[in-house]
1. Does the range 92-119 hold any residues that are open to solvent by less than 10 Å² (accessible area, probe 1.4 Å) and among the polar types (S, T, N, Q), and which are they?
2. Does any residue of the range 277-300 turn out to be at pLDDT below 95 and more than 23 Å from Gly197 (Cβ to Cβ)?
3. So which residues in the range 13-44 are over 17 Å from Ser57 (Cα atoms) and assigned to a strand (DSSP E or B)?
4. Residues of the range 310-330 being of a type in the set (D, E, K, R) and either in contact with a Pro (Cβ under 8 Å, 6 or more places away or on another chain) or part of a helix (DSSP H, G or I) (or both), which ones?
5. What number of residues within the range 213-256 are in contact (Cβ under 8 Å) with a residue 60 or more places away in the chain and among the aromatic types (Phe, Trp, Tyr)?
6. Which members of the range 23-49 meet the condition of being open to solvent by 60 Å² or more (accessible area, probe 1.4 Å) and free of Cβ contacts under 8 Å to residues at least 40 places away in the same chain?
7. Can you name the residue in the range 65-82 that is aliphatic (A, V, I, L, M) and closer than 18 Å to Leu142 by Cβ and, of all such residues, is surrounded by the fewest Cβ atoms within 10 Å (Cβ to Cβ)?
8. In the list Leu249, Leu177, Leu209, Leu191, which residue meets the criterion of being surrounded by 15 or more Cβ atoms within 10 Å (Cβ to Cβ), in a helix (DSSP H, G or I) and modelled with pLDDT under 95?
Amino acid sequence: MRSILSTNYYVHFQENAYSNLNTYFTENFHSKVFILVDTNTKKYCLPVFLKKASWISDAEIIEIEAGESFKNIETCTHLWSILSEKGADRKSIMINLGGGVITDMGGFVASTFKRGLRFINIPTTLLSMVDASVGGKTGVDLGALKNQIGLFSSPEMVLVDMDFLRTVSQREMRSGLAEIIKYGFTFDHELWETIKGFHDVSLEKIAPLVHRSVDIKNNVVLEDLLENSIRKSLNFGHTIGHAIESYFLDAPQKTNLTHGEAIAAGMVIEMYYSSKIYGFPMEHTEALKSFVEKFYGRINLERQDIVPITGLMKHDKKNVSGKVNFVLLEDLEKCQLDVQVGPQLIEEGILFYMND
């Protein structure tokens, strides 16, 4: 697969990734190499990576607990302390080996320690390959609120090795697929045409879609790095999806959702708003709802959840002057940005998702 040039770094794929990594380490001096992993990637991915990148023999391994609940400033403080204790300096480099939590938080920690260490992202989940590790966003959550603290900072490179997907559960594969579905409605409908016949997510099915998804996101980022215009389109499904994800993360009576499960529900709901406001074809909305129900199951939403979920939307990063802004669809591959939706329609869309 061909490498993709982003703003000031490359995304490399498969064996080409390791040859470029080798060249990078040969041509650049690093006083120390740190590899950030979580409990899962240390067990399943780190041995694979170190075997393929055998020239990295003296790296310091930093391990954290796995999961979104650890993506916070307290974990960052812990990581900054470790870097300081182990003598990290501005010639050090951090390799972030993991899913979106690791690449988001690892990039943030590296970018802020001593005003900036270099870092490399090696995503190991489908979600992080097609979304989190590309585009220069780094950050952590503030309580249950997603990605409230962070900055834009580019890695030295991103390495996509789809062999890591063999270590990922089917649930996590489905989670990542939700972001590819998003690309299918916002930028390339052929992706959705391919996916809507899926009954599971295998490496063989997904491999061709990964490169296309990275290419789409990268083209958007090149046009609008700081998310002032077209990059907002990548938030389709995320305004209410993030609110649902945050609510289920924080509510003691609820079971945590994957990011993709919440975003899949968010896309159904926001597509309903698109149909009501812009006349987006209802057959597409119904088709997505049917697919999401079969593929992800229906989230256990109840009427009493609607008020706290809508309350969480006021913290969305796209909001301006207290107004909740949605990305809606006027047609396939045609988005409307910064759309306000009335409270009655917001509730109606959630009920549309909840009911048969």
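1. Ser92, Asn96, Thr103
2. Scanning the range 277-300, I find at least one residue that is at pLDDT below 95 and more than 23 Å from Gly197 (Cβ to Cβ), so the answer is yes.
3. Answer for the range 13-44, where residues must be over 17 Å from Ser57 (Cα atoms) and assigned to a strand (DSSP E or B): Phe13, Asp38.
4. Lys314
5. 2
6. Thr23, Thr26, Glu27, Lys42, Lys43, Pro47
7. Ile73
8. Leu249
The values are calculated or read from the model by the stated rules, or taken from the named source; none is laboratory data. Everything numeric here is computed off the predicted structure, so don't read it as measured data. Don't worry about glycine lacking a Cβ; one is built from the backbone with ideal geometry, like all the others, and counts go over all protein chains shown. Just so you know, the surface numbers come from the protein's heavy atoms only, side chains and all, with ligands and any DNA or RNA stripped out. Shrake-Rupley method; radii C 1.70, N 1.55, O 1.52, S 1.80 Å.
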